[in-house]
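Working notes, structure below.
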Amino acid sequence: MTDDHVRIFDTTLRDGEQSPGCTMTLEEKLEVARQLARLGVDIIECGFPAASPGDWAAVHQIAREIGTEDGPTIAALARANKDDIERAWTAIQPAAKKRIHTFISTSDIHIEHQLRSTREAVLHKAREMVRFARSLCPDIEFSPMDASRSDPEYMYLVLAAAIEEGATTLNIPDTVGYATPEEYGALITGIRQHVPGADRIILSTHCHDDLGLAVANSLAGVRAGARQIECTINGIGERAGNASLEEVVMALHTRESFFRTRTRINTQELARSSRMVSTFIGVPVPPNKAVVGANAFAHESGIHQDGILKNRLTYEIMNAETVGLEGNALVLGKHSGRHAFRKHVEELGYQLNDDDLQQVFVRFKDLCDKKKFVDDRDIEALIAGETQHTPEIYTLEHVQYNSGLGMIPTATIRLQGPDGTVHTDSAHGTGPVDAIYKAINRIVQRPNELMEFSINAITEGLDAVAEVTVRIREQGAPENGEARTTEQPRRPQVYSGYGVNTDTIVAAAEAYMGALNKMLAARQERLKAEAAAYAAGYNQNAPLYAVDVFGTDAS
């Protein structure tokens with residue numbers, strides 16, 4: 001392809017969500033999909049429908065709501081087998097523009113040790129399954145997994161077969177992040193030169209960051225002729241993650257004269273997209289993160305500051321406004337009405353229902369009484385805190401704590417349980433947060449391990465709103481009587497929670513309750529699904545679907 005349009009294929013909701021602890025609820029996935037549409041991505045890969053009924057439902061709902069005629073293409077991932085492909089096809093049915101993305105490994109190490117197959121069988125399977133997928137959908141993407149460690153001559157044969165059977169996009173994964181930019185660029189060049197029909201289709205990059213080269217490899221692929229980049233918001237994904245969407249987009253934007261290509265991304269939505277995903281998955285953006293980190297446009301060195309004051313071009317190659325990081329001025333106050341507040345929230349890009357808007361508006365008014373200045377960052381934090389869409393199995397009603405030098409930190413907690421019963425308990429700990437969490441645990445009585453605790457100030461000043469994110473890991477084996485669809489022990493899941501408050505300790509309590517409620521809700525849904533599968537006569541010894549489809553396993 002010779003066009004200068006680089007298509008942005010976002011896989012935050014598929015590959016990105018596979019990161020431990022990055023699981024999102026259906027409502028959160030929908031909100032991210034809406035934001036990706038505002039961002040202007042060309043393709044949203046929103047799940048792996050064969051992985052679970054929940055994944056299928058999420059893809060189907062996103063296809064119905066986001067897959068409009070003028071919206072992005074909606075893609076679903078499928079292994080190279082008919083069941084997966086049919087599942088993907090039914091999930092994306094409501095979308096106006098649909099894509100099936102199917103894959104099979106082509107490296108000898110995967111063929112021998114993972115697939116336990118042969119080159120001939122893999123070639124036949126790739127041809128057969130691309131043909132089957134094309135019989136259902138006109139837009140087919142094919143990936144030779146572990147391409148960067150495959151024998152090029154053999155991979156050319158597989159890719160040529162895929163094109164013959166109707167593949168419209170060939171994605172070349174650096175599955176384990178092994179390639180260097182020179183090697184990856186040469187890989188794309190070799191495909192263009194040696195695969196018949198490669199000039200008629202789109203070549204795509206899918207690079208992992210195990211050696212910190214995902215963005216560099218993706219850009220090397222573009223230089224070599226690739227016209228699609230598969231990437232994720234904040235670079236989240238398996239192991240060390242994927243190519244970062246905001247980094248590849250701004251590299252192409254800033255160095256357009258070098259790459260001679262462009263994207264259709266609305267760059268001013270990059271910072272908001274980054275904050276939204278970070279909030280939902282409970283993984284803070286590092287301050288030194290390129291493009292969207294807190295320090296990305298900060299200058300402390302005296303030499304740098306002097307240059308910036310004279311001419312920003314001396315030490316900045318991008319404007320903060322270009323990625324949506326500046327321009328947050330005081331726009332509303334405690335005398336602002338609900339109508340004006342709704343209008344401003346919509347201008348920020350959020351569509352809230354009446355209940356969510358009312359909750360955010362109440363907290364906004366409360367914040368105006370506590371803070372002298374309230375800006376867009378505060379409002380976005382309030383929206384994130386009130387629209388987590390986590391079922392409130394337990395509701396936090398009261399938090400009281402005592403702590404100080406020479407005192408034993410103590411906390412009293414009041415929760416409303418799922419049956420409406422109010423529970424009150426107290427505990428002491430090494431600090432106020434520890435005491436609060438122990439008191440909550442005494443009521444909820446679901447064992448878990450606190451994996452991460454992070455506090456950030458949303459804005460500047462002593463009256464800054466605090467945002468707290470926590471990640472907890474479920475502990476303990478399934479209880480007696482729980483239905484199981486496999487004899488293998490279930491891997492402990494990690495759940496994130498988010499709290500925002502001018503009182504840091506209260507924010508910590510809100511975040512912990514959010515994570516606990518996610519864990520409890522996931523357990524309820526899991527039990528329902530497993531009981532239904534057991535009642536339907538599913539094979540209890542069947543292996544669980546693996547989720548690392550572009551990582552180390554796809555069994």
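Coordinate-derived values only; no laboratory data. What you see is a predicted model; the values in this text were computed from it and never measured. Note: ideal-geometry Cβ built from the backbone for every residue, glycine included; neighbour counts use all protein chains shown.
Before moving on, here are some points about what is shown:
- Sites Glu27 and Glu153 - FRET efficiency at Förster radius 45 Å, r taken between beta-carbons, to 0.05: 0.40
- Per-residue Karplus couplings for segment 148-157, computed as 6.51 cos²θ - 1.76 cosθ + 1.60 with θ equal to phi - 60°, are listed in order as 5, 10, 8, 5, x, 4, 5, 4, 4, 4 Hz, Gly and Pro entered as x.
- Low-density loop cleavage sites - trypsin sites (Lys or Arg not before Pro) in segment 41-142, where at most 13 other Cβ are within 10 Å (DSSP): Arg116
- Nearest-0.05 FRET efficiency for Arg442 and Glu120, computed from C-beta distance (R0 41 Å): 0.10
- With R₀ fixed at 56 Å, the C-beta to C-beta distance from Thr322 to Asp355 puts the FRET efficiency at about 0.95.
- Cross-link pairs Lys98/Lys125; Lys29/Lys438; Lys29/Lys97; Lys97/Lys289; Lys98/Lys528 - those with Cα-Cα distance over 28 Å: Lys29/Lys438; Lys97/Lys289; Lys98/Lys528
- Per the Cα gyration tensor, segment 7-281 maps to an equivalent ellipsoid with semi-axes of 26, 22, 17 Å, ordered largest to smallest.
- Phi to ³J(HN,Hα) by Karplus 6.51 cos²θ - 1.76 cosθ + 1.60 over segment 436-453, Hz, x for Gly, Pro: 4, 5, 5, 5, 4, 5, 5, 7, 6, 6, 10, x, 7, 10, 6, 8, 7, 9
- Sequence of His124, His253 once ranked by neighbouring C-beta atoms within 10 Å, starting from the fewest: His124, His253
- Segment 94-105 - phi-based ³J(HN,Hα) in whole Hz, Karplus 6.51/-1.76/1.60, Gly and Pro as x: x, 6, 5, 10, 10, 9, 9, 10, 10, 8, 7, 6
- Amide H to amide H distances under 5 Å link Ser143 with Thr102, Phe103, Ile104, Asn171, where only residues 5 or more positions off or on other chains count and H is placed in the peptide plane.
- Per-residue Cβ neighbour counts within 10 Å put Asp3, Asp378 in the sequence Asp3, Asp378, beginning with the fewest.
- Of the residues Tyr498, Tyr178, Tyr184, the one with the fewest other Cβ atoms within 10 Å heads the list, and the complete ranking is Tyr178, Tyr498, Tyr184.
- Stretch gain in nm, segment Thr180-His194, where the contour uses 0.36 nm per residue and the Cα spacing is subtracted: 3.0 nm
- Listed residue (Ile66, Ala91, Thr12) projecting farthest to the positive dipole end of segment 1-102, Cβ model: Ala91
- Ratio of Rg to Rh for segment 177-246: 1.00 [Cα atoms; Kirkwood radius as inverse mean 1/r over pairs].
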